Amino acid sequence: MRILGIETSCDETALAVVEANGGVERPRFRIVLNLMMSQVALHAPYGGVVPNLAKRAHREALAELKKQVEKSGVKLGEINALAVTVGPGLEPCLWEGITFTQELVREFKKPVVAVNHMEGHLASVLLGPPAGGEREIRFPALALLVSGGHTELVWMKQWLDYEILGETQDDAVGEAFDKVARLLGLPYPGGPEISKLAEKARAKNVRHSVSNINAIELPRPMIKSRDLNFSFSGLKTAVLYALRSAGRQTPAGGPSLDTAEVARAFEDAAVDALVFKTVKAMKAKDPRTVILAGGVSANRHLRRELERAVAAESAGVPVLYPDPAFTGDNAAMIAAAGYLHAQKHDFTSAEELKAEGRLRLTV
Ligand code: KG4
Ligand code: ZN
């Protein structure tokens with residue numbers, strides 16, 4: 001089955017054609033085409049995504065990407081189904097993808113699947129070449145979804161059968177990375193920037209030097225809470241206070257907090273909180289696979305620490321993450337999730353498609 005995926009929920013416009021087989025039991029995917037136009041440069045001056053600018057950029061990019069699909073030799077008339085993100089995300093942006101899909105349906109008369117963006121992130125771990133191991137999820141699985149808009153622990157009994165075990169009470173972890181990056185004067189999106197600096201600081205091994213003016217300690221939010229929820233806005237505020245008080249204590253012109261060391265302290269605290277709650281969920285639920293997905297799953301420190309903690313908690317439970325090409329938003333993951341729904345004949349009529357900014361994985 002050939003599926004065209006359409007993704008416009010935030011600041012990436014993406015179209016992908018994916019060939020799928022194996023059914024819901026053993027889904028296998030081959031990427032035929034994976035196209036993307038990022039709006040990062042457009043939004044960077046504002047330090048975040050501006051919905052109305054994004055909306056217009058999506059419309060232009062979709063027209064351009066459609067041309068690229070046709071030029072590639074892929075015939076849209078030969079696609080078996082369309083899969084479009086309907087939420088969660090920015091509604092003006094989601095509507096662009098939906099309208100584009102409705103036009104394609106008028107032109108090519110194809111069945112449509114409405115896809116939840118977060119389910120796309122779950123399916124992203126099945127894409128790409130086998131990364132040294134299998135891309136096979138043994139159920140039940142526990143997924144840690146970490147992105148710019150979401151931070152949630154999801155219990156997957158099977159594909160299409162999800163329960164949210166815990167989620168952030170305020171900022172998403174990616175959002176916290178971006179906000180702290182802004183405090184440190186780093187460019188948007190800040191996640192990768194923080195991560196690079198933090199790795200540098202670790203390499204320098206400045207962490208335990210007591211006399212080090214740069215050594216800062218940050219709280220591990222929610223670690224004492226009994227539930228599986230997260231909170232990251234207090235951590236961001238703690239960084240702000242640490243920067244302010246260092247500024248006050250520092251004689252003008254003297255050494256101030258080292259940016260890389262602040263990035264390291266923040267990343268350590270954020271990753272500790274994520275890993276701690278994931279292990280807590282493992283203790284409660286006993287999964288056979290742990291999944292890490294979403295934009296922040298690109299973070300190397302998080303991957304390392306999660307792997308270590310999962311192995312210590314339950315030897316033999318694999319941690320699956322997306323191939324680097326599919327950690328961020330893309331349309332191949334939307335096509336993959338669409339395939340799973342198509343297997344269950346879960347189609348939607350094009351007229352009924354509706355953007356739902358706050359769509360959740362479970363209803
Ligand atoms: O999934 P995604 O591409 O878009 C959303 O659905 O939100 O996630 C984007 C988020 C941004 O906040 C970005 O800063 C963060 O993922 N991110 C990272 C890294 N790469 C991207 N955060 C930490 N470390 C990274 N290496
Ligand atoms: Zn995403």
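Output the antiparallel fraction of DSSP beta bridges having both residues in the stretch 1-53, as a percent to the nearest 5.
Numbers: 16 of 16 bridges.
Antiparallel bridges: around 100 percent, rounded to the nearest 5.
When ranked by the protection proxy of mean other Cβ atoms within 10 Å per residue, highest first, what sequence do the peptides 152-160, 342-350 form? Provide the component values of the computation, followed by the final result.
Numbers: 152-160: 19.6, 342-350: 15.0.
Those peptides, ordered most packed to least, come out 152-160, 342-350.
Hey, what did the stretch 1-137 get for relative contact order, percent, Cα under 8 Å, at least 6 apart? Show your work: numbers first, answer last.
Details: 224 pairs, mean separation 38.7, N = 137.
The normalised contact order for the stretch 1-137 reaches 28 percent.
Amide H neighbours of Ala83 under 5 Å, at least 5 residues apart or on other chains, H built in the peptide plane: list them.
The answer is Leu4, Gly5, Ile6, Val113.
Please give the charge dipole size of the chain, origin at the Cα centre, charges +1 on K and R Cβ atoms and -1 on D and E Cβ atoms. Round to the nearest 20 debye.
Computed charge dipole of the chain: roughly 580 debye.
In percent, how large is the relative contact order of the chain, given Cα pairs closer than 8 Å and 6 or more residues apart?
Dividing the mean separation by the residue count of the chain yields 26 percent.
Pulled fully out, how much extra length does the chain show between Glu103 and Ser225, if you take 0.36 nm times their separation in residues and subtract their Cα-Cα distance? Don't jump to the answer; show the numbers that get you there.
Numbers: separation 122, 0.36 × 122 = 43.92 nm, distance 4.84 nm.
Using 0.36 nm per residue and subtracting the Cα-Cα distance, I get 39.1 nm.
Ranking Thr327, Thr237 by Cβ neighbours within 10 Å, fewest first, what do you get? Present the calculation step by step, with values, prior to reporting the outcome.
On the way: Thr327 23, Thr237 13.
Listing Thr327, Thr237 from fewest to most nearby Cβ atoms yields Thr237, Thr327.
May I ask what percent, to the nearest 5, of DSSP beta bridges between residues of the chain are antiparallel?
65 percent
Between 0 and 90 degrees, rounded to the nearest ten: what's the tilt of helix 332-343 against the longest Cα principal axis of the chain?
The angle comes out at about 50 degrees.
For Cys93, Cys10, what ranking results if the residue with the fewest other Cβ atoms within 10 Å of its Cβ goes first? Intermediate results must be reported in sequence, preceding the final value.
Values: Cys93 29, Cys10 25.
Going from least to most buried by this count: Cys10, Cys93.
Quick check on the stretch 90-177: what does the Kirkwood estimate of hydrodynamic radius come out to from the alpha carbon pairs, in Å?
Numbers: mean 1/r = 0.0646 Å⁻¹.
One decimal place: 15.5 Å for the Kirkwood radius.
Determine one quarter of the surface area of the Cα convex hull of the stretch 18-175, which equals its mean projected area, and express it in nm² to one decimal.
Working: hull surface 43.4 nm².
The directionally averaged projection comes out at 10.9 nm².
Taking the chain as a Gaussian network, where each spring joins two C-alpha atoms under 10 Å apart, which residue of Leu340, Leu274, Leu292 fluctuates the most?
Sorting by GNM fluctuation, first place goes to Leu340.
Identify which of Gly22, Gly73, Gly295 has the largest mean-square fluctuation in a Gaussian network model of the chain, with springs joining Cα atoms closer than 10 Å.
Answer for the Gaussian network model of the chain: Gly73.
When we measure straight from the Cα of Lys283, which lysines land under 19 angstrom away, once same-chain ones fewer than 8 places off are left out?
Counting by Cα, and skipping residues close in sequence, Lys283 has these lysines nearby: Lys157, Lys224.
For the stretch 228-345, what is the per residue volume of the convex hull drawn over the alpha-carbon atoms, in cubic angstrom? It would help to have the intermediate numbers written out before the result.
Working: hull volume 18.1 nm³, N = 118.
Residue-normalised Cα hull volume stands at 153 Å³.
If each residue's Cβ is checked for other Cβ atoms within 10 Å, how do His150, His58 rank with the fewest at the top?
By the 10 Å Cβ count, ascending: His150, His58.
Using Cα-Cα distances under 8 Å and only pairs 6 or more residues apart, what relative contact order does the stretch 272-329 have, in percent? It would help to have the intermediate numbers written out before the result.
Working: 54 pairs, mean separation 26.3, N = 58.
Answer for the stretch 272-329 is 45 percent.
With springs connecting C-alpha atoms under 10 Å apart, model the chain as a Gaussian network and identify which of Ala270, Ala246, Ala203 has the largest mean-square fluctuation.
Ala203
With runs of 4+ DSSP H residues as the only contributors, calculate the mean residue ellipticity of the chain at 222 nm using -39,500 (n - 2.57) per run, divided by the residue total and rounded to the nearest 500.
Rounded to the nearest 500, it is -13000 deg cm²/dmol.
Work out the charge dipole of the chain with +1 on the Cβ of Lys and Arg and -1 on the Cβ of Asp and Glu about the Cα centre, then indicate which of Ile79, Ile334, Cys93 is farthest towards its positive end.
Comparing the listed Cα positions along the dipole, Ile334 ranks first.
So what are the radius of gyration and Dmax for the Cα set of the chain, in Å?
Computed over the Cα atoms of the chain, radius of gyration and Dmax are 21.1, 70 Å.
The numbers here are math on the coordinates, done by the rules we state, and not lab data. On a predicted model such as this, the values are computed, not experimentally measured, just so you know. Cβ coordinates were reconstructed from backbone atoms using ideal geometry, including for glycine residues, and neighbour counts include every protein chain displayed.
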